[in-house]
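Take a look at the structure set out below.
The values are calculated or read from the model by the stated rules, or taken from the named source; none is laboratory data. Just so we're clear, the structure is a prediction, and the values are computed from it rather than from any experiment. Methodologically, a virtual Cβ is constructed for each residue, glycine included, from the backbone with ideal geometry; neighbour enumeration extends over all protein chains shown.
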Amino acid sequence: MDDEIKYKNVKELPPMTVSTGLMLVNKTGSWRSLRPIIDEDKCISCMICWKYCPEACIDIVDDKPVINLDYCKGCAICAEECPKEAIEMLEEGK
Amino acid sequence: MRLTLPEQELMSSGHKGCQGCGGVMAMRYALKALGEDTIVVIPACCWTVLEGEFPYTSLRVPLLHTAFETAASASSGVRAALRVKGKDDVNVMAWAGDGGTFDIGMQALSGAVERNEDFIYVCYDNEGYMNTGIQRSSSTPYGAWTTTTPVDAFEKAHKKNMVDIMVSHDIPYAATASIAYPEDLIRKLNKAKSIEGAKFIHILAPCPSGWRCASNQTVKLARLAVETNVFPLYEVEHGKYTINRKPRKKPAKEYLSLQGRFRHISDEVAAEIQEQIDAGWEKLLKKEKDSME
Ligand SMILES: Cc1ncc(C[n+]2csc(CCOP(=O)(O)OP(=O)(O)O)c2C)c(N)n1
Ligand code: SF4
Ligand code: SF4
């Protein structure tokens, strides 16, 4: 399935209400008022943050968690569940 | 690095669930368990909305939206269509809230389980009609505030026991699960997948908006619900009960005090709730013991 939909006009729309693209077009990062920052020195790559993130927006890159801020809503579950207290929530805009 | 859950993401980012939504986490785990060959059937509930708007979706598997009371009957239809097409390797998962399960969807569910339709029915339970503004359901626990049970007339009825209702239909498999224990949740969905006939999974899915708690507390609350015996983890296979976790129980107050919906309750009401939890746990232990004999 394509992430982006590009219909040129009404006639190109599917004949019934079927979804043809992913909500990835909806960058929910703008909802966030707190920004999670991972301290790489404290992180032990247990991936508990990845496991619990409701946005499925923590990617695994080279065996380490990397937060995709395009989608992170700042719920702070990752910071709460991290056993090493390696994630700090910083106020956006500061 | 060792992952304790399958890596594949069949639920995409960009969905419209509230910050910290337990119902979203439940779906993410369920699809990790069931995999791509799954058709999801969703009646009116938060998931109808948060899933995305036409022509977008946040599920990488087919999804059929249906009317509020019809999750189980629509799923039966999907299974019948698959049978006609000769496809017997596709999972059909009904996915409904507690209002759509305990209340309005009960009749269709009872019929489908009686017919022993080959499907998995999941209720993600946020203990109220959250999508329409936090009205009480028959899953709302005793003592809770909702917009239809204000603090001076808080919820007085007890939460229905859906698993027992399913067991009394002679359902092949029924289980409770929690977003705080995704490995257990995934194991149960895998088991459900391997059993033919009707399966019922009841997932406690804390809701920050409706429970009046911080968004970072949903996993913690789901865990406390298990540790306080508010929501025990157990499964029932052909009538045989197995309790998956027998925690050294914590006082219910630890669970209640983190939620604004219980802020008004007096010490007496808190004590009553504790008594109900203890009685419920004793009953469950007895069911396990009796069904072993
Ligand atoms: C027949 C019918 N009555 C009422 C509604 C309005 N409605 C839509 S979602 C909803 C609440 C659903 O509650 P629940 O099943 O608990 O799921 P939640 O929203 O909590 O996830 C209601 C009342 C409807 N769609 N159809
Ligand atoms: S703050 Fe919430 S949404 Fe953002 S990465 Fe952490 S768990 Fe995911
Ligand atoms: S209202 Fe509750 S259940 Fe609904 S999307 Fe928000 S957190 Fe999830």
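Is there a residue in segment B:279-290 that is buried (at least 21 other Cβ atoms within 10 Å of the Cβ) and either within 23 Å of the chain's Cα centre (by Cα) or among the small types (Gly, Ala, Ser) (or both)?
Scanning segment B:279-290, I find no residue that is buried (at least 21 other Cβ atoms within 10 Å of the Cβ) and either within 23 Å of the chain's Cα centre (by Cα) or among the small types (Gly, Ala, Ser) (or both), so the answer is no.
Across segment B:98-154, what is the number of residues that are in contact with a strand residue (DSSP E or B) (Cβ under 7 Å, 6 or more places away or on another chain), within 15 Å of ligand 3 (Cβ to nearest atom) and part of a helix (DSSP H, G or I)?
The total comes to 3.
When you check B:Arg212 against the structure, is it basic (Lys, Arg) and either within 16 Å of ligand 2 (Cβ to nearest atom) or at pLDDT 95 or above (or both), yes or no?
yes
Can you tell me which residue in segment B:1-38 is farthest from the other protein chains (Cβ to nearest Cβ), limited to those that are of a type in the set (S, T, N, Q) and out of contact with any strand residue (DSSP E or B) (no Cβ under 7 Å at 6 or more places or on another chain)?
So the residue we want is B:Gln8.
Among the residues of segment B:6-19, is any in a helix (DSSP H, G or I) and hydroxyl-bearing (Ser, Thr, Tyr)?
Going residue by residue through segment B:6-19, those that are in a helix (DSSP H, G or I) are none.
Scanning segment B:6-19 turns up no residue that is in a helix (DSSP H, G or I) and hydroxyl-bearing (Ser, Thr, Tyr).
Residues of segment B:71-96 being farther than 26 Å from B:His202 by Cβ and in contact with a Cys (Cβ under 9 Å, 6 or more places away or on another chain), which ones?
none
Can you name every residue in segment B:39-90 that is part of a loop (DSSP other than H, G, I, E, B) and within 14 Å of chain A (Cβ to nearest Cβ)?
B:Glu51, B:Gly52, B:Glu53, B:Phe54, B:Pro55, B:Ser58, B:Arg60, B:Val61, B:Pro62, B:Thr66
Please work out if B:Ala180 is within 16 Å of ligand 3 (Cβ to nearest atom) and out of contact with any strand residue (DSSP E or B) (no Cβ under 7 Å at 6 or more places or on another chain).
yes
Any idea how many residues of segment A:57-78 are among the aliphatic types (A, V, I, L, M), surrounded by fewer than 23 Cβ atoms within 10 Å (Cβ to Cβ) and within 7 Å of another protein chain (Cβ to nearest Cβ)?
Total meeting the criteria: 1.
Could you look through segment B:141-161, keep only residues that are surrounded by fewer than 17 Cβ atoms within 10 Å (Cβ to Cβ) and under 20 Å from the mean Cα position of the chain (by Cα), and pick out the one that is nearest to B:Leu256 (Cα to Cα)?
B:Tyr142
From the set of residues in segment A:25-56 that are touching a Phe, Trp or Tyr at 6+ places or on another chain (Cβ under 8 Å) and away from ligand 3 (no atom under 16 Å from the Cβ), which is farthest from the other protein chains (Cβ to nearest Cβ)?
The extreme case among them is A:Gly29.
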